[in-house]
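Worksheet for the structure shown next.
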Protein chains: 2
Amino acid sequence: MNAISALKMSASEAAASAAAAPRAKLRVRDRIFETARQLFYRHGLRAVGVEAIAYEAGTNKVSFYRSFPSKDELIAEYLRDQCLEYWQWWDAAVAPYEGDPRRQLEALFDRYMKLTCMDGSRGCSLGNAVIELPEGAHPGREVIEQHKSEMRRRLRKFAHELGAADADELGDALMLLMEGGYLTRLTFDGDGPIAVAGKAVRRLIDSHLRDAHCATASKKRR
Amino acid sequence: MNAISALKMSASEAAASAAAAPRAKLRVRDRIFETARQLFYRHGLRAVGVEAIAYEAGTNKVSFYRSFPSKDELIAEYLRDQCLEYWQWWDAAVAPYEGDPRRQLEALFDRYMKLTCMDGSRGCSLGNAVIELPEGAHPGREVIEQHKSEMRRRLRKFAHELGAADADELGDALMLLMEGGYLTRLTFDGDGPIAVAGKAVRRLIDSHLRDAHCATASKKRR
DNA sequence: GCACTATGTTACTTACCGGTAACACACATC
DNA sequence: GATGTGTGTTACCGGTAAGTAACATAGTGC
């Protein structure tokens, strides 16, 4: 934060220095949003003020408020955008193995581990946000809750397609692993517990499939 | 927060109303600390100001600063206290089955689920704190990192005692489940994914023990 | 050249927050 | 009764935050 508010240059100076990047071509609103995305993810929602965002984007607070009605609305929009990006990433990970839920899950978790272990990762932006947002009214909370429910739904669906004995149980367990990896990533480096997520997923799937086979086998035997 | 700062009564008035509880007997410092524990856990570290804590404890900011050198130090002490309480809880859960690591783990996770599903739970205070604390220097970060490392160490140790094929892998997977439960608890009620944690633990243990048996069996066969 | 749009600039308000100074009082102990 | 300790009260400081008003400027299309 100190590093951020240290920039006490005027908006035009900031624009000139930030102009090195091609994003100088972007409209103010887009530059602000892009900057907010980075700062929010890196430092958290509450730790970053609108003035810091504006200056870092090479503009000023007034222009900020011409583009966004309030900080809370910016946060909500940021979260919506993170959702979008997340599902795009998810679908891309899963698409190559359409029809093979096991490989889809394995691919998903493998890419999840790779991404989340990378330098600069701070876990899941949506998951982190829920800790910072006040319990009740914030427009961002709905986004997060909807997002996590959707995640749960999708993982359970995979488990179902897999033919797991207790699909909902498997799906929820996978969600625990995934969310646990995100959270531990905040205290551990890439070699934290998350490194075993893929193996744990495979073990859980095997365990459930074994149950399913036993069940059908014993049914046949009857 | 609004609800908190709504109390605009004087310290003595607050003391009178709070005096109903037996904690009125407590020294100011203890009352402040107890109040801080509750507010920090419920609303987060950054969301609660020292003035709110002081008033809620039936005193005022000046007395706060007579007891604590700074808010950051209070936070650090709060986190240290949470650690202590956590390991007491952990040891109590595990003690009855000394020598039987499997039952210890099962008991631990069963109590963990029960506790974390209770009304008012907001997951792990230490885990939540890491999101709110600035990346670098905060005195609380060390506490958290040490705590989570200890947690990892203990779970791996259980896995070892269990005779798991790959004990570190199992321990880390258990940690993912546990942390995932804590995190999901912030978006889901008691019937969220955390409800399957115990089953997942049992499955993972079984999976690892099966590997271990196969390994020893094939060794014997040779 | 005119008008419109997007943007930058300066200056301000209101509110909060962490932290401090100075003083007053009440009680307990010697 | 003096002294010390713990506490409450009032008032303040400096900093930062969100949010706004009024005005200036630069480019774009007509």
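The table below lists the values:
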read-out: Odd one out for A:Leu186 among (1) closer than 20 Å to A:Gly127 by Cα; (2) in a helix (DSSP H, G or I); (3) facing chain B (nearest Cβ under 7 Å); value: (2)
read-out: Which listed residue, of A:Tyr97, A:Tyr78, is away from DNA strand C (no atom under 16 Å from the Cβ), under 30 Å from A:Ile205 (Cβ atoms) and more than 14 Å from chain B (Cβ to nearest Cβ); value: A:Tyr97
read-out: Cβ pairs under 6 Å, 6+ apart, first in the stretch A:82-107 and closer than 16 Å to A:Ala159 by Cα, second aromatic (Phe, Trp, Tyr); value: A:Pro101/A:Phe158; A:Arg103/A:Tyr97; A:Gln104/A:Tyr97; A:Leu105/A:Phe158; A:Ala107/A:Tyr97
read-out: Checklist (1) within 16 Å of DNA strand C (Cβ to nearest atom); (2) touching a residue at least 24 places away in the same chain (Cβ under 8 Å) applied to B:Lys71, failing item; value: (2)
read-out: Residue match in the stretch B:191-212 (condition: surrounded by 21 or more Cβ atoms within 10 Å (Cβ to Cβ), within 11 Å of chain A (Cβ to nearest Cβ), in contact with a Gly (Cβ under 6 Å, 6 or more places away or on another chain) and farther than 16 Å from A:Val196 by Cα); value: yes
read-out: Counted residues, the stretch A:43-63 - those being on the phi < 0 side of the Ramachandran plot and within 12 Å of DNA strand C (Cβ to nearest atom); value: 12
read-out: Looking only at the stretch A:56-88, and only at residues there that are under 13 Å from A:Ile144 (Cβ atoms) and of a type in the set (A, V, I, L, M, F, W, C), the one that is surrounded by the fewest Cβ atoms within 10 Å (Cβ to Cβ); value: A:Cys83
read-out: Matching residues, the stretch B:56-91, being under 15 Å from B:Phe33 (Cβ atoms), part of a helix (DSSP H, G or I) and of a type outside the set (D, E, K, R); value: B:Ser63, B:Phe64, B:Tyr65, B:Ser67, B:Leu74, B:Ile75, B:Ala76, B:Tyr78, B:Leu79, B:Gln82, B:Cys83, B:Leu84
read-out: Residues located in the stretch A:23-62, provided they are charged (D, E, K, R) and away from chain B (no Cβ under 14 Å); value: A:Arg23, A:Lys25, A:Arg27, A:Arg29, A:Asp30, A:Arg31, A:Glu34, A:Arg37, A:Glu51, A:Glu56, A:Lys61
read-out: Pairs, first on the phi > 0 side of the Ramachandran plot in the stretch A:118-130, second part of a helix (DSSP H, G or I), C-beta under 7 Å, six or more apart; value: A:Gly123/A:Thr116; A:Gly123/A:Tyr182; A:Gly123/A:Leu183
read-out: Test set (1) over 28 Å from B:Glu142 (Cβ atoms); (2) within 16 Å of DNA strand D (Cβ to nearest atom) - B:Phe33 fails condition number; value: (1)
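Computed from the coordinates by the stated procedures, all read-outs in this text should not be read as laboratory data. Since this is a predicted model, take the numbers as computed values, not measurements. Every residue, glycine as well, gets a Cβ built from its backbone with ideal geometry; the counts of neighbours run over all protein chains shown.
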